[in-house]
1. Looking at this structure, is K53 farther than 18 Å from A105 by Cβ and of a type outside the set (S, T, Y)?
2. Are any residues in segment 33-52 touching an Asp or Glu at 6+ places or on another chain (Cβ under 9 Å), surrounded by 13 or more Cβ atoms within 10 Å (Cβ to Cβ) and either among the small types (G, A, S) or without any contact (Cβ under 8 Å) to a residue 60 or more places away in the chain (or both), and if so, which ones?
3. Here's a check for you: in segment 68-87, which residue that is touching a Pro at 6+ places or on another chain (Cβ under 9 Å) and not in a strand (DSSP E or B) is nearest to R107 (Cα to Cα)?
Amino acid sequence: MAKRQSVLAGLFLVSLFVLVAAGCKGGAQMAILDIDPKVGHTQGDQYVKIVGKNFRQDIGYTVYFGTKKSAQVTIVDPETLLATTPSGVKAGQVDVMIRADDGNAFRLPAGFKFEEVATGTGDGAGGLVNKKEKGNLAY
């Protein structure tokens, strides 16, 4: 009886070790909490900060704004990605998709809005500040 309990205890410890090791390797589930700014111009090449959870620094990420891929994605830390908006996107709301190299993906429906760049608005910012949402577009 004692030998059987010892074997069961050993199997339990091995199972626990395997679960812990798998948890450490895979990490927790990726999540997206916020995007800043949420509005940008259709010319692209604008930095967007993606705030989330569990971005791994040992793999890469691809960010899509609608169907267009970001040209540059930087992992700042486990809670922050920095991506540039693509150029040539039509004005309007688009989904934001973050795909990890390990196969995980997260989609934020209507997470970003592209707007045409106004020119000659007299706002002093070269037309990059939208009159309705001042401050979101000037970088």
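1. It is false that K53 is farther than 18 Å from A105 by Cβ and of a type outside the set (S, T, Y).
2. G40, K49, I50, V51, G52 - these are the residues of segment 33-52 that are touching an Asp or Glu at 6+ places or on another chain (Cβ under 9 Å), surrounded by 13 or more Cβ atoms within 10 Å (Cβ to Cβ) and either among the small types (G, A, S) or without any contact (Cβ under 8 Å) to a residue 60 or more places away in the chain (or both).
3. For segment 68-87, the residue satisfying everything is S70.
FYI, it's all coordinate maths here, none of it is from the lab. Quantities reported herein were computed from a predicted structural model and do not represent experimental measurements. We place every Cβ from the backbone using ideal geometry, glycine too, and count neighbours over all the protein chains shown.
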